[in-house]
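The values are calculated or read from the model by the stated rules, or taken from the named source; none is laboratory data. Note that the structure is predicted; figures quoted are calculated from it, not measured. Neighbour counts are summed over all protein chains in view; Cβ atoms, including those assigned to glycine, are modelled from backbone coordinates with ideal geometry. Surface accessibility is based on the protein's heavy atoms, side chains included, excluding ligands, DNA and RNA. Shrake-Rupley method; radii C 1.70, N 1.55, O 1.52, S 1.80 Å.
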Amino acid sequence: MLAAAVSKLGLTGLGVQAISAVGNSIRHFSSTENTDLKQALRELIPAQQERLKALKKANGAKSLGEVTVDMAIGGMRGIPGMLWETSLLDPEEGIRFRGLSIPELQEKLPAAVPGGQPIPEGLLWLLLTGQVPTASQAAAVTEELRARSNVPLHLRKVLDALPAEAHPMTQLSMGVMALQSGSRFQSAYARGVHKSRYWEYVYEDSMDLIAKLPQLAATIYRRTYRRGEYIPPSYNLDWAANLAHMMGYEDPGCLEMMRMYQTIHSDHEGGNVSAHTTHLVGSALSDPYLSFAAGMNGLAGPLHGLANQEVLRWLKDLVAKLGPTPDKEAVRKYVEDTLASGKVVPGYGHAVLRKTDPRYTCQREFALKYMPDYPLFKLVADLYEVVPEVLGKTGKIKNPWPNVDAHSGVLLQYYGITEENFYTVLFGVSRALGVLSQGVWSRALGLPIERPKSMTMSQLEKRFGTGPAASS
């Protein structure tokens, strides 16, 4: 099975010993359990460095496929152009985190309560090491993040200098930049640290930033929506549950929802705007604070992280016009009218996926367990039956199925987190787990600065003999 997988990845030139080493490097720890995440990484990195060298030597000159003009001018869709180890998105299966699907994460990762949602600390261990952690390893990550979670006094001063109406994502970006003064990578680079140790300081910055993000996000929430009445962190809660607590939400179901939310939004391979931006800026050896802040500015765009807000506004408009419990035929007519007016149905379709987003399915299953009679969930469930059929009949939609944004706002609304402008902040906190984990590996593997080739319309016209520039 491993040899077949290696062949599929184009690594056939590695040889039996290298293939065996690759397999061993992604298996669980053996009898002696190590709960030191950084040490676990230190032990894994040399083998992966050799793996990359072997990959380049055996396959460096081989083609990954053709690039068309449509791909070049269409947002680079489908162009393979970067290495991203932490997750892979399959058009049919959806996202896999280090090879594991979302149902597999829910089955294998440690949970805070028996049979409950995985804690993101376990996912962080998986993303960084490629190994499913034990409960004690995940607990060690919880303790490490807790020890790093204190924020400097100047952070609140920076936020308070912003206008009260500043968008929460603006505050998040500014808050991350305010934390940048504590960058260990920046200090180490200024001291002339050897490039072989870059990853160590990127790891330190990444863990510091991940640890502080719940308090930063909760501070933004409380100053924006709760008159600046802050709630101190609890030292008995895990990372995601503490975020909900500091925001002011204690319902056990809400804590479980936040654990799930922070897990499933954490990574979606490297080509999306926030991940690619973080990777691009990090490739210039900008520290994790600078690169993550850049990624968050991309996440704030309406076509990326703000999409869940668009879904919720569309749902509220539907309810305002049809009432809280419309029948399916009325919903169908509303969807058809939306399309006829030249608008899209938000939350449906995806740039890569061609089936229902497994992140949507995960949230749907959570809602069926915790809020089966919630009217807004019932409406979303009806849309799931109606929208794909309507979109499919147009013949213009490659993927008529719902994505993650079609459901996430409903869960937050149910637990009283009704401030839509804040939702992308929660998305951003989660996304840190994936993009910063990859950043550590990018430096460990010595990946170079990113520099793709751009073209002009004139150059394309001359190349293919069409258009005004073809005869000049």
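Rundown of residues vs (1) open to solvent by less than 30 Å² (accessible area, probe 1.4 Å); (2) modelled with pLDDT under 95; (3) of a type in the set (A, V, I, L, M, F, W, C); (4) under 27 Å from residue 174 (Cα atoms), yes/no style:
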site	(1), (2), (3), (4)
380	yes, yes, yes, no
391	yes, yes, yes, no
398	no, yes, no, no
402	yes, yes, no, no
408	yes, yes, no, yes
412	yes, no, yes, yes
436	yes, no, yes, yes
441	yes, no, yes, yes
444	yes, no, yes, no
Residue 193 versus (1) more than 25 Å from the chain's Cα centre (by Cα); (2) open to solvent by 60 Å² or more (accessible area, probe 1.4 Å): which is the lone unmet condition? (2)
Among the residues of segment 323-378, which ones are in contact with a Ser or Thr (Cβ under 8 Å, 6 or more places away or on another chain) and either open to solvent by 70 Å² or more (accessible area, probe 1.4 Å) or over 18 Å from residue 102 (Cβ atoms) (or both)? 339, 344, 345, 375, 378
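Can you list the helices (runs of 4 or more DSSP H) lying wholly within segment 220-308 that have 1 or more residues being open to solvent by 30 Å² or more (accessible area, probe 1.4 Å)?
Details: elements: 239-247, 252-264, 273-283, 288-299.
Per the criteria, 252-264, 273-283, 288-299.
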Among the residues listed as 303, 299, 318, the single one being of a type in the set (A, V, I, L, M) and within 25 Å of residue 117 (Cβ to Cβ): 299
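Would you mind stating whether residue 111 is over 26 Å from residue 253 (Cβ atoms) and either without any contact (Cβ under 8 Å) to a residue 24 or more places away in the chain or aliphatic (A, V, I, L, M) (or both)?
no
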Any residue in segment 176-200 that is hydroxyl-bearing (Ser, Thr, Tyr) sitting within a Cβ distance under 6 Å of a residue that is surrounded by 12 or more Cβ atoms within 10 Å (Cβ to Cβ)? List the pairs, counting only those 6 or more apart or interchain. 183/205; 183/287; 183/289; 198/443
Which numbered condition in (1) more than 25 Å from residue 312 (Cβ to Cβ); (2) touching an Asp or Glu at 6+ places or on another chain (Cβ under 8 Å) is the only one that residue 415 fails? (1)
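With the requirement that a residue be in a loop (DSSP other than H, G, I, E, B) and closer than 30 Å to residue 456 by Cβ, what does segment 71-124 give you? Lay out the reasoning, then the answer.
Going through segment 71-124, the residues in a loop (DSSP other than H, G, I, E, B) turn out to be 74-86, 91-93, 98-99, 101, 109-110, 112-117, 119.
The answer is 74, 75, 76, 77, 78, 79, 80, 81, 82, 83, 84.
Name the helices (runs of 4 or more DSSP H) wholly within segment 365-472 that hold at least 3 residues that are in contact (Cβ under 8 Å) with a residue 24 or more places away in the chain and β-branched (Val, Ile, Thr)? Please lay out each step first, then the result.
Numbers: elements: 375-394, 405-414, 423-444, 457-464.
In segment 365-472, the matching helices (runs of 4 or more DSSP H) lie at 375-394, 423-444.
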Here's a check for you: in segment 319-345, which residue that is aliphatic (A, V, I, L, M) and more than 21 Å from residue 394 (Cα to Cα) is farthest from the chain's Cα centre (by Cα)? 322
If the requirement is being more than 29 Å from residue 167 (Cα to Cα), among the aromatic types (Phe, Trp, Tyr) and assigned by the TED database to the domain that holds residue 406, which of these qualifies: 360, 348, 370? 370
Only one of 100, 89 that is touching an Asp or Glu at 6+ places or on another chain (Cβ under 7 Å) and outside the structural domain of residue 362 (by the TED database): 89
Filtering segment 63-119 down to residues that are farther than 22 Å from residue 270 by Cβ and open to solvent by 70 Å² or more (accessible area, probe 1.4 Å) yields 103, 107, 108, 114, 115
In segment 175-190, anything surrounded by fewer than 20 Cβ atoms within 10 Å (Cβ to Cβ) and either closer than 22 Å to residue 155 by Cβ or out of contact with any helix residue (DSSP H, G or I) (no Cβ under 6 Å at 6 or more places or on another chain) (or both) is listed as 177, 180, 181, 182, 184, 186, 187, 189, 190
For residue 149, work out the one condition from (1) part of a helix (DSSP H, G or I); (2) small (Gly, Ala, Ser); (3) in contact (Cβ under 8 Å) with a residue 24 or more places away in the chain; (4) open to solvent by 10 Å² or more (accessible area, probe 1.4 Å) it doesn't fulfil. (1)
Residue check, residue 213 against (1) within 19 Å of residue 179 (Cα to Cα); (2) surrounded by fewer than 22 Cβ atoms within 10 Å (Cβ to Cβ), all met but one. Which one? (2)
Segment 127-137 - residue that is in contact with a Leu (Cβ under 7 Å, 6 or more places away or on another chain) and not hydroxyl-bearing (Ser, Thr, Tyr) and, of those, most open to solvent (accessible area, probe 1.4 Å): 132
